[in-house]
Amino acid sequence: MKNKPFIFTLLSVLCFIEPAIKVLYFRAITQFDFLVILANLKARNSFVEVFDFWIVFPLAGLLIMRLRKWTYYAFMSILAYIVYNIFTYEKYTWPYNSDTPFMYNYIVALGAFAVFAYFLSPKAREPFFDRRARLWETKTRYKVQISCKLKSSSLTFPSKILNISKTGAFVQDSPYINVGETLEMEFNFLGHTMEVPVQIIHKHNSHNKQGYGVEFKFKNFAQSVRMGKMINIIKKSHADLGATPKIAA
């Protein structure tokens with residue numbers, strides 16, 4: 001999936017602006033000044049009142065934007081809460097202060113429910129459960145030939161980085177590597193030793209070479225900065241995208 005599904009972006013935006021829609025609705029039906037409306041809203045300051053008015057819909061939108069396994073279940077829980085509140089709403093109570101929830105909320109809830117139905121398909125859930133399906137998050141990878149060492153708690157063995165990005169790398173096949181484990185990677189780049197923990201994400205074929213995709217698990221911000229600087233140097237060394245820079249290990 002090369003592009004994020006448009007329905008995710010649209011529904012996220014509708015959820016983010018939902019509190020503002022309620023404020024505009026109050027302004028339309030009361031003709032009160034916005035400062036008066038906000039002052040009245042501020043008076044409703046219990047956690048549940050604040051959550052129901054200001055947070056619940058934007059939180060749902062945020063969860064849709066961040067496609068991960070845990071956000072899938074969190075979004076479903078928030079959606080159930082929203083639907084429950086709409087169908088059990090009592091006239092002229094919080095957070096709508098009207099005889100029914102606003103039409104806008106019905107539309108957003110219906111859209112969210114449609115997304116829920118969509119998520120019942122394994123293909124639709126794929127971006128949440130398989131990071132390889134979220135191609136829009138993939139950083140540019142650069143071909144390299146960098147010798148490295150991979151260390152586990154009981155073994156150190158040589159390997160080679162075949163391509164690299166700011167967030168991960170592709171290393172050559174090895175019988176000592178297992179998907180899911182975390183190793184320590186060490187290599188030399190232009191006279192500087194780089195050490196970074198890596199998690200083995202999956203095994204696949206890249207440009208007719210079997211190997212493992214690894215994700216960098218930086219211990220601190222300094223490691224991330226050093227890797228970013230290194231990638232920038234590699235990027236500049238590519239006269240064209242087909243070239244493999246001759247970087248000595």
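The values are calculated or read from the model by the stated rules, or taken from the named source; none is laboratory data. Model, not experiment: these values are computed from the prediction. Reconstructed Cβ throughout: ideal geometry from the backbone, glycine too, with neighbour counts over all protein chains shown. Keep in mind that these areas ignore ligands, DNA and RNA; they rest on the heavy atoms of the full protein, side chains included. Shrake-Rupley method; radii C 1.70, N 1.55, O 1.52, S 1.80 Å.
A few remarks follow.
- Structure-based [θ]222 nm, the chain - -39500 (n - 2.57) summed over DSSP H runs of at least 4, per residue, nearest 500: -13500 deg cm²/dmol
- The chain, relative contact order [Cα under 8 Å, separation at least 6], %: 15
- For region 1-100, the calculated P(r), taken from all Cα-Cα distances in 10 Å bins from zero up to the bin holding the longest distance, is 14, 42, 30, 12, 2 percent.
- Exposure ranking of 25, 142, 104, 73 by accessible area [1.4 Å probe, largest first]: 73, 25, 104, 142
- Among the protein heavy atoms of region 67-118, carbon and sulfur supply 69% of the accessible surface, probe 1.4 Å, non-protein parts ignored.
- Accessible-area value, residue 226, 1.4 Å probe, nucleic acids and ligands omitted, Å²: 110
- Too-long pairs where the Cα-Cα distance tops 23 Å, listed order kept, from 143/219; 69/229; 69/209; 69/217; 42/91; 69/143: 143/219; 69/229; 69/209; 69/143
- Each eigenvalue of the Cα gyration tensor of region 142-232, multiplied by 5 and square-rooted, gives one semi-axis; in descending order these are 19, 15, 12 Å.
- Heavy-atom accessible area for residue 192, with the other protein chains in place and a 1.4 Å probe, reaches approximately 110 Å².
- Radius of gyration over Kirkwood radius for the chain, both on Cα atoms: the Rg/Rh ratio is 1.14.
- Between helix 69-87 and the chain there is an angle of about 10 degrees, using the helix long axis and the longest principal axis of the Cα atoms.
- Residue 51/residue 218 FRET efficiency (R0 25 Å; Cβ-Cβ; nearest 0.05): 0.15
- Cβ crowding within 10 Å averaged over residues, with 6-14, 147-155 ranked highest first: 6-14, 147-155
- Placing pseudo-labels 7 Å out from each Cα toward the beta carbon at residue 149 and residue 203 gives an inter-label distance of 2.5 nm.
- Along each principal axis, Cα extent of region 159-205, largest first, Å: 30, 20, 20
- Descending by average beta-carbon neighbour count within 10 Å, the peptides 40-46, 108-114, 172-178 line up as 108-114, 172-178, 40-46, the highest first.
- For residue 186, solvent-accessible area (1.4 Å; no DNA, RNA or ligand), Å²: 40
- Accessible surface comparison of 179, 198, probe 1.4 Å, protein chains only, largest first: the order is 179, 198.
- Virtual spin-label span in nm between residue 31 and residue 173, 7 Å along Cα→Cβ: 7.8
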